[in-house]
Amino acid sequence: MAKKIKPYKEFDLIRLFDLQRLVGNQAHPLLQEWMSVSDITLTISEQETFDAILEDAMQNIHNWHEEDLKMQFIAFVLRLGHLKNTARYHPYFERVVEAIVSENFLKVKTDFMIASGVLDSPEVPYFHFQAYKRQTDPNGDPIGQLLAAMLIAKELNQSDKPIYGCYVMGKLWNFMVLEKTTYCISKSYDCTERDDLLQIIAILRKFKEILETRLLD
């Protein structure tokens with residue numbers, strides 16, 4: 001019988017699956033490529049949305065609960081990042097993914113994922129997203145949760161292609177790539193800073209490019 005692991009702590013997953021962690025935008029070629037983004041152009045309507053959510057975050061992000069953060073800010077950032085429905089992949093919110101990985105049963109509810117699938121059923125995950133509000137979940141480990149979701153995706157996909165992801169703690173965004181047994185974490189981006197928020201949106205758009213040119217079968 002497969003062993004159940006929960007809650008998912010980063011150090012437990014490192015030991016259990018013999019993982020190696022790298023930190024920093026230059027720490028791994030895949031992460032370096034992903035974080036190396038050019039300036040982006042926003043349409044007039046996108047600029048209006050950008051200005052509104054930036055102002056809202058600057059004023060309110062410290063008071064938002066987790067669901068406030070998701071609904072009033074993160075959802076708009078994902079939209080500005082062009083992570084939307086296409087014929088080949090779909091965005092999914094609040095989905096449970098599970099798999100047996102090296103005889104260990106992993107099960108995670110992801111706040112958001114990009115996956116290919118049929119109608120309401122995701123089948124091949126490419127990108128996982130986890131959001132936490134530090135004040136409402138002081139014991140939460142977003143890296144552990146995201147890493148577990150990425151390990152599940154790797155098992156479900158039965159592919160050596162890397163898995164991409166992002167986790168948010170309050171105003172700070174970090175991006176992750178898992179390749180084989182190595183995962184790397186970007187520097188933190190402060191979404192209440194105009195330049196950082198533009199970078200976050202550019203990074204999400206860059207993932208869309210990577211997905212469509214390298215990850216899709």
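The values are calculated or read from the model by the stated rules, or taken from the named source; none is laboratory data. Nothing here was measured: the structure is a model prediction, and the numbers come from that model. Positions of Cβ are backbone-derived with ideal geometry, glycine not excepted, and every protein chain shown enters the neighbour counts.
Looking across D190, D141, one residue alone is over 21 Å from L78 (Cβ atoms) and not basic (K, R). It is D141.
Taken together, E55, E123 contain a single residue that is exposed (fewer than 13 other Cβ atoms within 10 Å of the Cβ), in a strand (DSSP E or B) and either on the phi < 0 side of the Ramachandran plot or modelled with pLDDT under 90 (or both), which is E123.
Selection within region 34-52: residues that are among the charged types (D, E, K, R) and modelled with pLDDT of 95 or more. The member of this set that is nearest to L178 (Cα to Cα) is E46. Would region 146-164 turn up any residue that is surrounded by fewer than 22 Cβ atoms within 10 Å (Cβ to Cβ) and within 12 Å of the chain's Cα centre (by Cα)? No, region 146-164 has no match at all. Pairing residues of region 62-87 that are of a type in the set (S, T, N, Q) with residues that are part of a helix (DSSP H, G or I) and surrounded by 15 or more Cβ atoms within 10 Å (Cβ to Cβ), at Cβ distances under 8 Å and at least 6 apart in sequence or on separate chains, gives Q72/I53; Q72/D56.
Every condition in (1) under 14 Å from the mean Cα position of the chain (by Cα); (2) touching a residue at least 24 places away in the same chain (Cβ under 8 Å) is met by E94 except one, and the failing one is (2). Going through region 109-120 one residue at a time, which ones are closer than 22 Å to F73 by Cβ and buried (at least 19 other Cβ atoms within 10 Å of the Cβ)? Matches in region 109-120: T110, D111, F112, M113, I114.
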